[in-house]
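Visitor: Would you mind keeping the following structure in view while I ask a few things?
The values are calculated or read from the model by the stated rules, or taken from the named source; none is laboratory data. In this text, all values refer to a predicted model and were calculated from it rather than measured experimentally. Using ideal geometry, Cβ is built from the backbone for each residue, glycine included, and neighbour counts are taken over all protein chains shown. Please note that ligands, DNA and RNA were not included when accessible areas were found on the heavy atoms of the full protein model with its side chains. Shrake-Rupley method; radii C 1.70, N 1.55, O 1.52, S 1.80 Å.
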Amino acid sequence: AAAKPAAEEAPVAADGELVPMVVTVGGQTYNLQVRPGENMLDAALDRDVDLDYSCKEGSCDTCMVKILKGMEFLNDITPQERDMLDEDQIKEGYRLSCMVVVKGPGPVEFVQEER
């Protein structure tokens, strides 16, 4: 008999595999390739995508983004995000990009809306 997996975990990209990340900000869309384990905000900034941010510590909501696709390929919501976002925002797919780690393997798509 085949061994049963211990827990149902979201898949993670294999070593060396890049994760596709589509970012829309200010009406422009960027197609990026990021490494598994990379922070979403840092990944975008490192690839010259100008996301708004302030503290990089989850204590403001300047870097808030809406995840359109691939929530299952991200880390779980952090306590800092729960403090900053209300339940409706969380249900609608909002996250603080400074608190998000991209795990892969599938594509992640998000937008940072004008405020």
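Visitor: What tally of residues in the stretch 19-31 results from selecting those that are modelled with pLDDT under 95 and more than 15 Å from ASP52 (Cα to Cα)?
Guide: Adding up the residues that qualify gives 0.
Visitor: Kindly indicate whether any position in the stretch 71-84 is open to solvent by 50 Å² or more (accessible area, probe 1.4 Å), under 24 Å from GLY27 (Cβ atoms) and under 10 Å from the mean Cα position of the chain (by Cα).
Guide: Checked against the condition, which is being open to solvent by 50 Å² or more (accessible area, probe 1.4 Å), under 24 Å from GLY27 (Cβ atoms) and under 10 Å from the mean Cα position of the chain (by Cα), the stretch 71-84 yields at least one hit.
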